[in-house]
Ligand code: PGA
């Protein structure tokens, strides 16, 4: 064989000839003219110094040289297919680090979602920052992370948001509270009771105060605590009522507290995955966003069902 090598097209023709055993069918299948098929196969035969096919009646058959070319062609195309898979995998593999900063209320449900995500993409390393609103807002301004999680989005920064989950705020009271057995409690009535509220800047606090103001009432704030967890303990101890995200009640069970049926409650908002508009999302970030949109609500609904059925079998 000369130093020249068969072309990819000539190799494709030999493969097609082995399959269809007809020059005209090969031409038709590969969308080229029959003379072009004949010329290219003749050039290949000239290159090899041996014919690659022969006629047996009306059927075209590969010669031994043609069979040798076919074996190499199969290997070469297999190898090219593998190359494509390798490149697809390189482009498609979800790996590297995902950084997320979230406000404290999200700590009740985000770990469940991250567990499911990293189970699907074990090569991903997650860095999670949990802070108050000011801390997370500062990280958002500095473009420090792939994602932020807010229910109330801070203003003044250009962001892209993907709402993926409902955030319900509920009124909680000690189980033995005089309102605990009541139905249809009005805001007017509630405004006479003492409340323990989240710290200034908290999205939960802001939404609760806004609702009361909107209906012409004032929340009677007796205590401010910068932690939903500590608030639940305080409510359970009888220090007052509070307004909290339902996820902090469902996924952070504290005995001795009860959700009250109050008019205009639950306050319904959305949890939003937030990204800086200027940040180019990595493949991993895109996969995470899609995962949250597709599965976030479902995973939490199932987790809640599991908790409910587990607590119903407890003594
Ligand atoms: P926060 O969360 O009350 O913990 O600030 C809710 C939000 O972002 O609205």
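What follows is calculated from the coordinates using simple rules that are stated; it is not laboratory data. No experiment lies behind these values; they were computed from the predicted model shown. A quick note on method: Cβ atoms are made from the backbone with ideal geometry, for glycine too, and the neighbour counts reach across all protein chains shown.
In segment 205-224, which residue that is within 24 Å of residue 130 (Cβ to Cβ) and within 12 Å of the ligand (Cβ to nearest atom) is surrounded by the fewest Cβ atoms within 10 Å (Cβ to Cβ)?
Looking at the filtered set, the residue picked out is 206.
Hey, could you check segment 187-204 for residues that are away from the ligand (no atom under 14 Å from the Cβ) and surrounded by 13 or more Cβ atoms within 10 Å (Cβ to Cβ) and say which is farthest from residue 107 (Cα to Cα)?
First pass over segment 187-204, keeping only residues away from the ligand (no atom under 14 Å from the Cβ): 187-195.
Cutting the leftovers down to surrounded by 13 or more Cβ atoms within 10 Å (Cβ to Cβ) gives us 187, 189-191, 193-195.
Details: 187: 29, 189: 32, 190: 28, 191: 29, 193: 28, 194: 26, 195: 23 Å.
Taking the candidates together, the pick is 189.
Can you pull out the residues in segment 249-280 that are within 15 Å of residue 167 (Cβ to Cβ), within 22 Å of the chain's Cα centre (by Cα) and not in a strand (DSSP E or B)?
251
Pull out all pairs, ordered by first then second residue, where Cβ-Cβ is under 6 Å, the residues are six or more apart or on different chains, the first lies in segment 191-219 and is within 19 Å of residue 136 (Cβ to Cβ), and the second is more than 16 Å from the ligand (Cβ to nearest atom).
Filtered contacts from segment 191-219: no entries.
All but one of (1) under 20 Å from residue 125 (Cβ atoms); (2) out of contact with any strand residue (DSSP E or B) (no Cβ under 8 Å at 6 or more places or on another chain) hold for residue 275, so report the exception by its number.
Failing condition for residue 275: (2).
Looking only at segment 134-172, how many residues end up being away from the ligand (no atom under 13 Å from the Cβ) and under 16 Å from the mean Cα position of the chain (by Cα)?
Adding up the residues that qualify gives 6.
Give segment 227-248 a look and list any residue that's under 15 Å from residue 195 (Cβ atoms) and outside any helix (DSSP H, G or I), or say none.
Those that are under 15 Å from residue 195 (Cβ atoms) and outside any helix (DSSP H, G or I): 237, 238, 239, 240, 241, 242, 243, 244.
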